[in-house]
Each structure stands twice: as structure tokens, then as C-alpha cells.
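Undergrad: Next up is a structure, given as C-alpha cells.
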Amino acid sequence: MRHGEFRHQRLVQVYDAECRWGPDDDFFRAVVDETPAARVLDLGCGTGRLTVALAAAGHTVTGVDPAGASLAAARARPGAERVTWIEGTSALLPSRAFDVAVLTSHVAQFFVDDAEWTRTLADLRRALVPDGRLVFDARDPADRRWERWNPVDSQRRVTLPDGGEVRAWTTVTGVRDGVVDFTHHYHFADGEELVSSATLRFRTEAELRNSLTRADFVVDHVYGGWRHEPVGHGDGEFVVIAHAGSLAPVF
């Protein structure tokens, strides 16, 4: 299935168990906290790990995601009642409603087609107030992370809340022009095996900067990791902080 870890109830549980709070969450929360009592958009919020934490920190938070199973898990979290949850895409966002928008866990890479990425940035620009901030992460293609997505290097065991274990690994099925196709494999203790396929776009720093400029964003920082390292000297990431400009987007 496509994007099963977001859309299949059993795989959503595995995803939530595997993706615990980490330095990326600390980074995003620290950036958001620079705007006290901010109106925050978490686009592609998934199971709501960061979303709920931002609401608990005193922000007014809206979590948006197209995957109903992920949102169901998010709504079940303690404190989820503080968040406004929307099942859908950026097309549903109201205008000038947010001070900060975040896209975490490499959500930006799921917009594979340039036209789709352009539309999403336009929606985000419209949804932010003037000078509102956009913060997101994407993997640096120079790090060639996908070369580690093989049955040996990606082999892992995920412990579920009930104590059960899932054996998981990832295989790459295609690489072309900055686009990587891959499949996650999950083997459950009861013998069930599930697979989830996806495609990610690895944009260069120049491509990201140019797309943001065209959408009327001003790039403030591009870091290479969660401790503000320079690009190429961090975690193999692009961690981008930008703010909305003053002109209408030009495409």
C-alpha cells in the first residue's frame, strides 16, 4: 500500500512507537517558542507528537493532515483537545491565520512534483500573517541517505506499547533525478507481513531557496542539523527558517 504507516491503523501504531521525541522536536519547539502565544500551523502533523506539545506550551495550534488514521491517533493523545485537527491539505487553510507554520519529519519531501510543492508554498504564504515564519526540514541529497535504506543497514526492531515487537527494514526501488522510491517492510510477531511504499523528493539547497523566493518567502537560515550546524557539517539535513515577504507570490 502507499503511505501505509500513515493510513493503515496497525502501521500507524508502529510509526508512532518508532518515531519518538528527538532533537528535531526540540528544535521546532524552540523556534516556535520564540513567538509567545503563537498561532501555529502544523502541516502534515501525523500522529501529533509535536502538535500536542506545542499546544501544551501555550500556543494555539492547528494540525492538518490528509491521513485519517494518523489523525485518529493524534486525537487520542492526552491533551489533544487543545488542538484544532483538520483532515485535508494546505488547500483548506484560511488566509492570514497563523504566525508560524511548521512542516516536520521531512514532510516537505513528500511533495515530489514541483507544481505541487509550488501550490503548497503558495497556500502557506497565504495562510501566514505578514512576516509570519515558516520552518521545515528536508534531507540534504549530498548526504545520500537513501543508500542506507537497504535490508542490512535499515534492519530494526520496534517495540509496541503492548510489548510486542515488529521487525522492520527498508528497500530502495528506484532513484532518478532527485526522486527516490522505497518500500518499508514490517514483520509482526503474529506472522502478519505488511509493506508500505512511498516516494520522496530530495531537493538541493539552491532548489529550496529558489522555490521559497518565488513564493514570496525570505530565507533567514538554512542549517545542516539540529544544533545549528552549517550545511554539510550536521545531520545530513536542511533545516530551513524563512519568513513571509511583502509581495504577492509570482509563479
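Undergrad: At what distance in nm do the modelled label points of R144 and R227 sit from each other, each positioned 7 Å from its Cα along Cα→Cβ?
TA: About 2.5 nm, to one decimal.
Undergrad: Follow-up. Would you look at the GNM of the chain, springs on alpha carbons closer than 10 Å, and say which of F202, F188, F217 moves the most?
TA: F188
Undergrad: What do you get for the angle between helix 205-214 and the principal long axis of the chain? Use alpha-carbon atoms, 0 to 90 degrees, nearest ten.
TA: The helix 205-214 is inclined about 40 degrees to the chain.
Undergrad: Roughly how many percent of the accessible protein surface of the chain is carbon and sulfur, given a 1.4 Å probe and a whole-percent answer?
TA: Carbon-and-sulfur percentage of accessible area, whole number: 51.
Undergrad: Estimate the FRET efficiency between D220 and R29 by the formula 1/(1 + (r/R0)^6), using the beta-carbon distance for r and 25 Å for R0, to the nearest 0.05.
TA: 0.90
Undergrad: Could you calculate the FRET efficiency of A189 with R75 from 1/(1 + (r/R0)^6), where r is the beta carbon distance between them and R0 is 22 Å, rounded to 0.05?
TA: 0.20
Undergrad: Could you report the chain's accessible area per residue, 1.4 Å probe, as an integer in Å²?
TA: 45 Å²
Undergrad: Helix 9-18 sits at what angle to the longest principal axis of the chain, using alpha carbons and giving 0 to 90 degrees rounded to 10?
TA: Roughly 80 degrees between the two axes.
Undergrad: Shape verdict for region 192-251, please, from the Cα gyration tensor: rounded (a/c under 1.5), prolate (a/b greater than b/c) or oblate.
TA: oblate
Undergrad: Whole angstrom only: what separates the Cα centroid of region 63-96 from the Cα centroid of region 150-178?
TA: That distance is 26 Å.
Undergrad: Which semi-axis lengths, in whole Å and largest first, follow from the square roots of five times the eigenvalues of the Cα gyration tensor of the chain?
TA: 29, 22, 16
Undergrad: Here is a further query. Could you point to the residue in W226, A244, V172 farthest towards the positive end of the chain's charge dipole, with +1 and -1 charges on the Cβ of Lys/Arg and Asp/Glu respectively?
TA: Comparing the listed Cα positions along the dipole, A244 ranks first.
Undergrad: A further question follows. With equal scatterers on the alpha carbons only and no solvent term, can you work out the Debye log10 of I(q)/I(0) for region 73-175 at 0.11, 0.15, 0.16, 0.22 1/Å?
TA: Scattering profile of region 73-175, log10 relative to I(0): -0.56, -0.93, -1.00, -1.19.
Undergrad: Let me check against my output: what whole-number percent is the relative contact order of region 115-237, with C-alpha pairs under 8 Å and at least 6 apart?
TA: 21 percent
Undergrad: Cα axis of helix 114-127 to longest principal axis of the chain: angle in degrees, 0 to 90, nearest 10?
TA: Result, in degrees: 60.
Undergrad: What shape does region 151-251 take by its C-alpha gyration tensor, where a ≥ b ≥ c are the square roots of the eigenvalues and a/c under 1.5 counts as rounded, a/b above b/c as prolate, and the rest as oblate?
TA: Prolate, because a/c is 1.5 or more and a/b exceeds b/c.
Undergrad: Right, next: Can you tell me, using C-alpha contacts under 8 Å and at least 6 residues apart, the relative contact order of the chain as a whole percent?
TA: 17 percent
Undergrad: Using only helices, what value at 222 nm comes out for the chain when you add -39,500 (n - 2.57) per DSSP H run of length 4 or more and divide by the total residues, to the nearest 500 deg cm²/dmol?
TA: So the helix-based figure for the chain works out to -7500 deg cm²/dmol.
Undergrad: Also, I was wondering about something else. Packing-wise, with mean Cβ within 10 Å as the measure, how do 205-215, 143-153 rank, highest first?
TA: 205-215, 143-153
The values are calculated or read from the model by the stated rules, or taken from the named source; none is laboratory data. In this text the structure is predicted, and so the values were computed from the model without any measurement. Heads up, the Cβs are rebuilt from the backbone with ideal geometry, glycines too, and the neighbour counts pull from every protein chain shown. With ligands, DNA and RNA removed, areas are computed over all heavy atoms of the protein, side chains included. Shrake-Rupley method; radii C 1.70, N 1.55, O 1.52, S 1.80 Å.
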